[in-house]
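See below for the structure under consideration.
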Amino acid sequence: MNAEVELMWGVAERLLPAFDPEAFAEMLTPILDRSDFDTGVAVWRAWRARADRQLIRQNVPEATRRMILGYLRAGVHLHLYAIRGSVTCGPRPEQVATSAEVLSFRPRAAVAGDDRG
């Protein structure tokens with residue numbers, strides 16, 4: 001991991017110990033799964049506003065606040081991708097074939113012995 005990213009995660013964890021991107025992503029997942037866009041946006045904005053207010057109370061400069069909030073957002077996105085494969089509203093995407101499955105695919109004719117390839 002990049003040293004800057006590690007530093008920002010450390011700063012974010014120290015300044016905002018109650019704001020866990022993984023826990024928030026898990027809480028947001030059912031909202032996204034049921035395609036409730038308005039609730040998802042409201043919950044996201046409220047979470048972000050609470051984090052911003054806490055940083056303001058700690059007299060964190062605006063540029064640093066934006067950077068920390070950006071890293072929190074990125075953390076939530078990473079955990080959402082890990083949990084459901086997407087950050088968008090709607091049902092979870094279908095299981096995507098792995099690279100090995102795609103590379104090992106052979107047409108039915110080739111499997112049946114009619115390999116004209």
If amide H atoms are modeled at 1.01 Å from N in the peptide plane, then the residues at a separation of 5 or more from ASP20, or on another chain, having amide H under 5 Å from its own are none
Using Cα-only point scatterers and the Debye equation, what is log10 of I(q)/I(0) for the range 3-89 at each q in 0.11, 0.16, 0.23 Å⁻¹, rounded to two decimals? -0.30, -0.62, -1.13
Rough spin-label spacing in nm, given labels placed 7 Å along Cα→Cβ, for THR29 and THR88: 2.0 nm
Short version: ³J(HN,Hα) in whole Hz for each residue of the range 78-84, in order, from phi by Karplus 6.51 cos²θ - 1.76 cosθ + 1.60 (θ = phi - 60°), x for Gly and Pro, what are they? 4, 5, 5, 4, 5, 7, 10
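Since every read-out is calculated from the coordinates, none of them should be taken as a lab result. Nothing here was measured: the structure is a model prediction, and the numbers come from that model. All Cβ positions, glycine included, derive from the backbone under ideal geometry; neighbour counts span all protein chains shown.
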